[in-house]
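The values are calculated or read from the model by the stated rules, or taken from the named source; none is laboratory data. These numbers were taken from a predicted model, which means no experiment stands behind them. As a convention, Cβ positions derive from the backbone with ideal geometry for all residues, glycine included, and neighbour counts pool all protein chains shown.
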């Protein structure tokens, strides 16, 4: 019997799982958790409490190097759900798995979850119409600095748009970039480029554990954020547009008072 593959977005924490997702999870034969594309806010016990059943964690090696064979073996015996933090096709991507499942003759259904993209706008009060291209800040590799995020901020700034920067996460290697580190990397690129795009006085928003009980959302200058302890990962960073709408300015005052204590 061939099963059906459900790729389900958990959202920001297990408490953000939709009613539709919970109905599906209650009837599938096997549940897997993508444990490498993003850090799930909230511990595994809480996820088990929400699911009411156990699940198997799949690493980067399982899903990429081994071509998700564990998942396809389970599919040959019945319906399977693959859980992913956030939204599986926005903040992370499982397109290759979807294509391979289709090639093997399996039906696939996507169940969206709350993404860091939409939630970062919701919790900051920024206008979605002013959100520009998104980029990821990564650590230098073999002495090579990845300058693309700088170019994205530059391009968005010229159009007076906000830039959401996702920060490198490698759960297998226990690597979680902090806002502090991201700012240091961006300032380092500024030191090389000298284009005045990333400066210590530029307004930004440091975000940690968005959606969790211990989340922090802190609008401040990059210089101040670089020296601020935002707590446990995952972190993300928004470089705001050069000119804010007056409603955005007022909203950030409230956000700072409520979420940055």
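Can you tell me how many residues in segment 11-38 are under 17 Å from residue 215 (Cα atoms) and in contact with a strand residue (DSSP E or B) (Cβ under 6 Å, 6 or more places away or on another chain)? Steps first, please.
Taking segment 11-38 first, the residues under 17 Å from residue 215 (Cα atoms) are 11-16, 38.
Then drop every residue that is not in contact with a strand residue (DSSP E or B) (Cβ under 6 Å, 6 or more places away or on another chain), which leaves 38.
Total meeting the criteria: 1.
Restricting the search to segment 22-57, which residues are surrounded by fewer than 15 Cβ atoms within 10 Å (Cβ to Cβ) and either assigned to a loop (DSSP other than H, G, I, E, B) or modelled with pLDDT under 80 (or both)?
Of segment 22-57, the ones surrounded by fewer than 15 Cβ atoms within 10 Å (Cβ to Cβ) are 22-23, 26-27, 29, 43-46, 48-49, 52-54, 56-57.
Within segment 22-57, 26, 27, 29, 43, 44, 45, 46, 48, 49, 52, 53, 54 qualify.
Modelled with pLDDT of 85 or more, touching a helix residue (DSSP H, G or I) at 6+ places or on another chain (Cβ under 8 Å) and either within 30 Å of residue 165 (Cβ to Cβ) or in the same structural domain as residue 171 (by TED's automatic domain parsing) (or both), is that true of residue 12? Talk me through it step by step, then tell me what you get.
On the way: modelled with pLDDT of 85 or more: yes; touching a helix residue (DSSP H, G or I) at 6+ places or on another chain (Cβ under 8 Å): yes; either within 30 Å of residue 165 (Cβ to Cβ) or in the same structural domain as residue 171 (by TED's automatic domain parsing) (or both): yes.
So residue 12 passes the test.
Only one of 117, 179, 169 is in contact with a helix residue (DSSP H, G or I) (Cβ under 7 Å, 6 or more places away or on another chain), within 21 Å of residue 230 (Cα to Cα) and buried (at least 16 other Cβ atoms within 10 Å of the Cβ); which?
From the options 117, 179, 169, the qualifying one is 179.
Quick check on residue 208: is it surrounded by fewer than 18 Cβ atoms within 10 Å (Cβ to Cβ), in contact (Cβ under 8 Å) with a residue 12 or more places away in the chain and assigned by TED's automatic domain parsing to the domain that holds residue 174?
Values: surrounded by fewer than 18 Cβ atoms within 10 Å (Cβ to Cβ): no; in contact (Cβ under 8 Å) with a residue 12 or more places away in the chain: yes; assigned by TED's automatic domain parsing to the domain that holds residue 174: yes.
Criteria not met by residue 208.
What is the residue count in segment 160-174 for residues that are without any contact (Cβ under 8 Å) to a residue 40 or more places away in the chain and either in the same structural domain as residue 60 (by TED's automatic domain parsing) or within 20 Å of residue 204 (Cα to Cα) (or both)? Before you say what the answer is, go through the steps one by one.
Step one: filter segment 160-174 for residues without any contact (Cβ under 8 Å) to a residue 40 or more places away in the chain, giving 168, 173-174.
Among the residues that remain, those that are also either in the same structural domain as residue 60 (by TED's automatic domain parsing) or within 20 Å of residue 204 (Cα to Cα) (or both) are: 168.
Total satisfying the criteria: 1.
Just the residues that are in contact with a helix residue (DSSP H, G or I) (Cβ under 6 Å, 6 or more places away or on another chain) and either closer than 24 Å to residue 145 by Cβ or in a strand (DSSP E or B) (or both), please, taken from segment 202-215.
202, 204, 205, 206
From (1) at pLDDT 85 or above; (2) surrounded by fewer than 18 Cβ atoms within 10 Å (Cβ to Cβ), pick out the condition that doesn't hold for residue 7.
(2)
Looking for something outside the structural domain of residue 243 (by TED's automatic domain parsing), closer than 30 Å to residue 252 by Cα, free of Cβ contacts under 8 Å to residues at least 60 places away in the same chain and surrounded by 14 or more Cβ atoms within 10 Å (Cβ to Cβ) - is there at least one such residue anywhere in segment 66-87?
no
Picking from 90, 19, 97, which residue would you name as being farther than 30 Å from residue 133 by Cβ, modelled with pLDDT of 80 or more and not assigned by TED's automatic domain parsing to the domain that holds residue 165? Steps first, please.
Working: 90 fails: farther than 30 Å from residue 133 by Cβ; 97 fails: farther than 30 Å from residue 133 by Cβ.
Answer to the check: 19.
Filtering segment 188-201 down to residues that are surrounded by 16 or more Cβ atoms within 10 Å (Cβ to Cβ) and not in a loop (DSSP other than H, G, I, E, B), which residue is nearest to the chain's Cα centre (by Cα)? Working first, answer last.
Step one: of segment 188-201, the residues surrounded by 16 or more Cβ atoms within 10 Å (Cβ to Cβ) are 189-190, 197-198.
Subset that is not in a loop (DSSP other than H, G, I, E, B): 189-190.
Numbers: 189: 23, 190: 25 Å.
In this case the residue turns out to be 189.
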